[in-house]
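Peer 1: Sharing a structure with you now.
The values are calculated or read from the model by the stated rules, or taken from the named source; none is laboratory data. Just so it is clear, the model here is predicted, and its values are computed rather than measured. Note: ideal-geometry Cβ built from the backbone for every residue, glycine included; neighbour counts use all protein chains shown.
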Amino acid sequence: LFVDCPLAEGLDVPLAKEQAHYLFGVMRLDVGTVISLFNGKDGEWDAEVVQAGKKSGSLRCVVQTKPLQMPPDLWFYFAPIKKDRTDFIVEKAAEMGAAKIIPVQTEFTNSARINQERLQAHALEAAEQCGGTFVPEVMELQKLPKVLDHWDASRQLMFCDETLVGAKEALGNVPRGPWAILIGPEGGFSESERERLKRQPYAHSVSLGPRILRADTAAVAAVTVWQQHLGD
Ligand code: SAM
C-alpha cells in the first residue's frame with residue numbers, strides 16, 4: 001500500500017479516508033493485521049494495524065522488509081495517443097522500471113493535453129502492483145523541440161523509428177549510464193523531427209523489427225530491448 005508519509009521503525013502512519021474504507025470496510029482487516037507499506041523513498045515496511053475505523057485508521061511501522069530499490073536511470077519519452085492507450089503506456093513504463101515518464105508533443109501528436117494527475121496515479125498503481133519501492137514521476141506534457149533544445153548530451157537517446165538499424169548494432173557500442181527512450185505518435189515522426197534527431201550525437205535510431213507496431217506495443221518492446229542490451 002502506498003502512503004504519502006515517512007516510514008521508520010515505530011512511526012505511526014495515518015490512513016486516508018479511502019484507504020481506511022478499503023482496508024477495514026471492504027477487506028475487513030482487524031487491529032493487529034500486518035500489511036506492507038511503501039512511500040517511494042524509504043523502501044518497503046511491514047506495518048501493524050493499530051486503529052481500524054470505517055473512515056480512519058492508522059498503522060505502526062514494525063520492520064523494513066526491502067530497501068529502496070532505484071530503477072536504472074532510464075527516462076521514458078512518448079507522444080500521448082488515445083486516453084486508454086496513454087494510460088497503458090504509462091502503466092507499462094512504470095511497471096518495467098522507467099525512472100521518469102515524460103509525455104511529449106510532436107508534430108503529429110493529436111492530443112494537445114494530458115491529465116498528469118491521472119497518469120501519475122496509474123504509475124503509482126503500477127509500482128504498487130509489481131512490488132516496486134520506487135514510483136516514477138510523470139511529468140507535464142512538453143514540446144519535443146524544447147526537450148531537444150535543453151537536452152543534456154550525457155544522456156543517450158534510443159529513438160524508436162522505422163530504420164534498418166537493429167538494436168544490437170545501434171546500442172552495441174554505446175556506454176551504459178543515463179539513457180532515454182522516445183516513442184512517436186500513431187502518425188510517426190515528421191521528416192524534420194527525424195532529421196533533427198539524426199543530427200544529435202546522443203541519439204541512436206533503433207528499429208524494433210520489420211512490423212509497424214502500435215505506439216503502446218512499441219513502448220513495451222522498446223523498454224524490453226533496452227533492458228536486454230543496456231539494463232542491469
Ligand atoms: N506510420 C508511422 C510512421 O511513419 O512511423 C507509424 C508510427 S507507429 C504506429 C508509432 C511509433 O511506434 C513510431 O513513431 C515509433 O516510435 C514506434 N514504432 C512502431 N513500430 C516500430 C518499429 N518497427 N521500429 C521502431 N519503432 C517503431
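Peer 1: For Met70, state whether it is surrounded by fewer than 16 Cβ atoms within 10 Å (Cβ to Cβ), touching a residue at least 24 places away in the same chain (Cβ under 8 Å) and under 15 Å from Cys130 (Cα atoms).
Peer 2: Spelling it out, Met70 is indeed surrounded by fewer than 16 Cβ atoms within 10 Å (Cβ to Cβ), touching a residue at least 24 places away in the same chain (Cβ under 8 Å) and under 15 Å from Cys130 (Cα atoms).
Quick grid of which residues meet (1) outside any helix (DSSP H, G or I); (2) hydroxyl-bearing (Ser, Thr, Tyr); (3) in contact with a Cys (Cβ under 6 Å, 6 or more places away or on another chain); (4) buried (at least 18 other Cβ atoms within 10 Å of the Cβ):
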site: Glu193; (1), (2), (3), (4): no, no, no, yes
site: Lys198; (1), (2), (3), (4): no, no, no, no
site: Ser205; (1), (2), (3), (4): yes, yes, no, yes
site: Pro210; (1), (2), (3), (4): yes, no, no, no
site: Leu213; (1), (2), (3), (4): yes, no, no, no
site: Thr217; (1), (2), (3), (4): no, yes, no, no
site: Val223; (1), (2), (3), (4): no, no, no, yes
site: Trp226; (1), (2), (3), (4): no, no, no, yes
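Per-residue answers, yes or no, for (1) small (Gly, Ala, Ser); (2) under 12 Å from the mean Cα position of the chain (by Cα); (3) not assigned by TED's automatic domain parsing to the domain that holds Thr217:
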position: Asn39; (1), (2), (3): no, no, yes
position: Trp45; (1), (2), (3): no, no, yes
position: Val50; (1), (2), (3): no, no, yes
position: Lys54; (1), (2), (3): no, no, yes
position: Arg60; (1), (2), (3): no, no, yes
position: Asp84; (1), (2), (3): no, no, no
position: Ile89; (1), (2), (3): no, yes, no
position: Ala94; (1), (2), (3): yes, yes, no
position: Ala98; (1), (2), (3): yes, yes, no
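Peer 1: Do you know which residues across the range 103-123 are crowded, with 20+ Cβ neighbours inside 10 Å and not in a loop (DSSP other than H, G, I, E, B)?
Peer 2: Across the range 103-123, the qualifying residues are Pro103, Val104, Gln105, Leu119, His122, Ala123.
Peer 1: Which numbered condition trips up Tyr22, out of (1) surrounded by fewer than 20 Cβ atoms within 10 Å (Cβ to Cβ); (2) of a type outside the set (Lys, Arg); (3) in contact with a Pro (Cβ under 9 Å, 6 or more places away or on another chain); (4) modelled with pLDDT under 95?
Peer 2: (3)
Peer 1: Here is a follow-up. Can you name every residue in the range 37-63 that is within 30 Å of Ala99 (Cα to Cα) and among the basic types (Lys, Arg)?
Peer 2: Those that are within 30 Å of Ala99 (Cα to Cα) and among the basic types (Lys, Arg): Lys41, Arg60.
Peer 1: Only one of Glu186, Glu162, Glu169, Glu137 is more than 10 Å from the ligand (Cβ to nearest atom), surrounded by 12 or more Cβ atoms within 10 Å (Cβ to Cβ) and under 19 Å from Ala79 (Cα atoms). Can you tell me which?
Peer 2: Glu137
Peer 1: I'd like the full set of residues that are out of contact with any Ser or Thr (no Cβ under 6 Å at 6 or more places or on another chain) and surrounded by fewer than 13 Cβ atoms within 10 Å (Cβ to Cβ), limited to the range 6-16.
Peer 2: Passing the criteria: Pro6, Ala8, Glu9, Gly10.
Peer 1: Could you check how many residues of the range 199-215 are among the charged types (D, E, K, R) and touching an Asp or Glu at 6+ places or on another chain (Cβ under 9 Å)?
Peer 2: 1
Peer 1: Whether any residue in the range 109-123 is within 24 Å of Tyr202 (Cα to Cα) and within 15 Å of the ligand (Cβ to nearest atom) is what I want to check.
Peer 2: yes
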